[in-house]
Amino acid sequence: MDLTQRKITGTLSLDVVARRQQSIPQDAYFQGAFKLMRPQHLDDTGQLMYCLLNPGGGYLDGDRYQMDIRVHDTADLYLTAQSATKIYKTPKDQVRQDCQIEVGDQGILEFTADPIIPFQDARYTQDQIIHLKATSALFLSEVLTPGWSQDMQGFQYDYLNLRTRIYLADKLQVWDALVLEPKVKPIHTVGLFADYTHYGSIYIVHPLIDPEVEAKFETIITDNHPEVYAGISQLNFPGLAIRILGNGTEAVQATIDSCQKLFRQALLGRENALFKKY
Amino acid sequence: MLHQLVDTQFPTGAFSQSFGFEYLTFSGAVTDPASFQNWLADYLTEQLTYCEGLVIREVHQAPAPALAQVIQTWSAALYAQMLPKEMRYGNIQMGKQFSKLINQLLVDPQLQQYQTLVQEKVILPHSAIVFCLACRALQLTCTETLTNYYYMTLYNLTQNAVRGIPIGQTKGQQLIVALHPVITQAVAQTLALSVDEFGRTAPGLEIAQMKHQFLYSRSFMS
């Protein structure tokens, strides 16, 4: 990997552990273009909440970001971001973000990344590697917008690569690569984005996931979000993958929010859990 | 022998898979030869090339001593990349049938080794790898193997579209002819890919493959 040759623009390293009734940061280190807001406990579940900021406002050409998040056994973390990941044009190089996530036994991680906005002529690669145990729980979501360009047409970026790999007990279970080169390959074809402009992805992992739980998610998406075009499927292990196409960040984000609420209610048993998006 | 393998009558179960286009026919997105051809081209260039094609290349080029390990690695990657459940089930069934059948037609130690890996549940079977091993046994080059695999897959899907959408027999044949240059291009691209590009798929393909399982009435298993 090219990380040895490049100066890292932003680093985040976060260890969350369970202590008595609450999850607490054991180690939270960030430098450069990453910043964590002061952690909070939003409710009485003991879950720790962190909000991630990029004080620079956006990713610049040549930037390298490195994130390491470890949720230790029985710890519970909700990590979210504040605004949007803007990737400005990259005339010479590209922007790359590497993210390593580990969730321990009976650990819980909810990670709702904010919408990615690739600007005109931008190149962006994001590589996420997630290691789970058989008893870990995960809610992971991502939103991709058509990006920003002067003509407001969208899809004016050069290259976008969002890769996620999930290992369960060290066994590779998910290999997901979305690669878009809208200037080379038209976006609005039946196999790619059809007539839609925004994309969303969700992974839900929990030992209790079965066809009945899958049906609940399917129903909530179909009944409450008819404006999006979405698919859901059970993975090779107790987990779900959800793919969403829609027009507008709000439509896709609302679908994700519904799924996160259901994840908390149906799988974490948090009927009255406070749900607040920052 | 190769003619038998690429024949749509070769009983691997491909005739019962639509890999998602049946949902699109139901939803109104794929209803005629032109819209089916567009879907098929996306399926080839946005999924097949980066997944099965790349795996065929890696298995074809693996030296014999490393073959079993290469097969294990790529079988796991291939099924990790297939998020829609019906795609995994359909491909496991096809791979199982293909591996069993080919070992009754061809005597080859590498195909036998593959069947053993499947029987011992070391790997999940996939027809792309079985096809590749058969072509290795028949001493086909990697280019020939990929060309024939893409042709076979597209031909099978087109025959299924002839019955399923339906489209006319002649239109189906014309559509395959129109896709010849696309296949040639896909083969060249597959040979040039970096291993790091494995696993690319596109949301429109995947969502249809996921939604298929929720259709009330289905002619195909995927």
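The values are calculated or read from the model by the stated rules, or taken from the named source; none is laboratory data. These numbers were taken from a predicted model, which means no experiment stands behind them. Every residue, glycine among them, receives a Cβ derived from its backbone with ideal geometry; neighbour counts consider all protein chains shown.
Mind listing just one residue for me: the one in region B:30-50 that is free of Cβ contacts under 8 Å to residues at least 24 places away in the same chain and small (Gly, Ala, Ser) and, of those, nearest to the other protein chains (Cβ to nearest Cβ)?
Ranking the qualifying residues of region B:30-50, first place goes to B:SER35.
Mind checking whether some residue in region B:86-109 is in contact with a Lys or Arg (Cβ under 8 Å, 6 or more places away or on another chain) and under 25 Å from A:PHE237 (Cβ atoms)?
No, region B:86-109 contains no residue that is in contact with a Lys or Arg (Cβ under 8 Å, 6 or more places away or on another chain) and under 25 Å from A:PHE237 (Cβ atoms).
Considering every residue within region B:51-63, establish whether at least one is within 11 Å of chain A (Cβ to nearest Cβ) and part of a loop (DSSP other than H, G, I, E, B).
no
Anything in region A:167-186 that is more than 8 Å from every other protein chain (Cβ to nearest Cβ) and in contact (Cβ under 8 Å) with a residue 40 or more places away in the chain? List them, or say none.
Scanning region A:167-186 gives a single hit, A:LEU168.
Checking the conditions here, which among B:TYR150, B:TYR89, B:TYR114 is crowded, with 18+ Cβ neighbours inside 10 Å, of a type outside the set (Gly, Ala, Ser) and under 14 Å from the mean Cα position of the chain (by Cα)?
Just a single option satisfies the conditions, and that option is B:TYR150.
I'm trying to understand the selection: among the residues of region A:126-159, which are hydrophobic (A, V, I, L, M, F, W, C), over 23 Å from A:ASP76 (Cα atoms) and more than 15 Å from the chain's Cα centre (by Cα)?
A:TRP148, A:MET152, A:PHE155
Show the residue pairs meeting these rules: Cβ distance below 6 Å; 6+ apart or different chains; first residue within region A:47-58 and assigned to a loop (DSSP other than H, G, I, E, B); second residue surrounded by fewer than 17 Cβ atoms within 10 Å (Cβ to Cβ).
A:PRO55/A:LYS35
Going by what's in this entry, would A:TYR196 be described as within 11 Å of chain B (Cβ to nearest Cβ), more than 14 Å from B:ASP42 (Cα to Cα), at pLDDT 95 or above and in a strand (DSSP E or B)?
So A:TYR196 fails the test.
Which residues, taken from region B:156-175, are in contact (Cβ under 8 Å) with a residue 60 or more places away in the chain and either assigned to a loop (DSSP other than H, G, I, E, B) or within 20 Å of the chain's Cα centre (by Cα) (or both)?
The answer is B:ASN156, B:LEU157, B:THR158, B:GLN159, B:ASN160, B:ALA161, B:GLY164, B:ILE165, B:ILE167, B:GLY168, B:GLY172, B:LEU175.
For the structure I just gave you, tell me whether B:THR12 is polar (S, T, N, Q) and either within 14 Å of chain A (Cβ to nearest Cβ) or more than 21 Å from B:ASN160 (Cβ to Cβ) (or both).
no
Considering only region B:194-206, state which residues are closer than 25 Å to B:ARG88 by Cβ and away from chain A (no Cβ under 11 Å).
Answer for region B:194-206, where residues must be closer than 25 Å to B:ARG88 by Cβ and away from chain A (no Cβ under 11 Å): just B:VAL195.
Name the one entry in A:GLU218, A:GLU212 that is acidic (Asp, Glu), assigned to a helix (DSSP H, G or I) and more than 16 Å from B:LEU83 (Cα to Cα).
Answer to the selection: A:GLU212.
If I ask for residues that are under 14 Å from B:LEU40 (Cα atoms), among the β-branched types (Val, Ile, Thr) and either surrounded by fewer than 18 Cβ atoms within 10 Å (Cβ to Cβ) or within 14 Å of chain A (Cβ to nearest Cβ) (or both), which ones from region B:153-175 would you list?
B:ILE165
From the list B:LEU111, B:LEU78, pick out the single residue that is at pLDDT 95 or above and more than 27 Å from A:GLU214 (Cβ to Cβ).
B:LEU111
Given the conditions (1) closer than 17 Å to B:PRO203 by Cα; (2) surrounded by fewer than 22 Cβ atoms within 10 Å (Cβ to Cβ); (3) not small (Gly, Ala, Ser), which single one is not true for A:PRO238?
(1)
Which members of region B:207-222 meet the condition of being more than 14 Å from B:MET87 (Cα to Cα) and among the aliphatic types (A, V, I, L, M)?
The one that is more than 14 Å from B:MET87 (Cα to Cα) and among the aliphatic types (A, V, I, L, M): B:LEU215.
Could you list all residues from region A:64-85 that are among the charged types (D, E, K, R) and surrounded by fewer than 21 Cβ atoms within 10 Å (Cβ to Cβ)?
Within region A:64-85, A:ASP68, A:ASP73 qualify.
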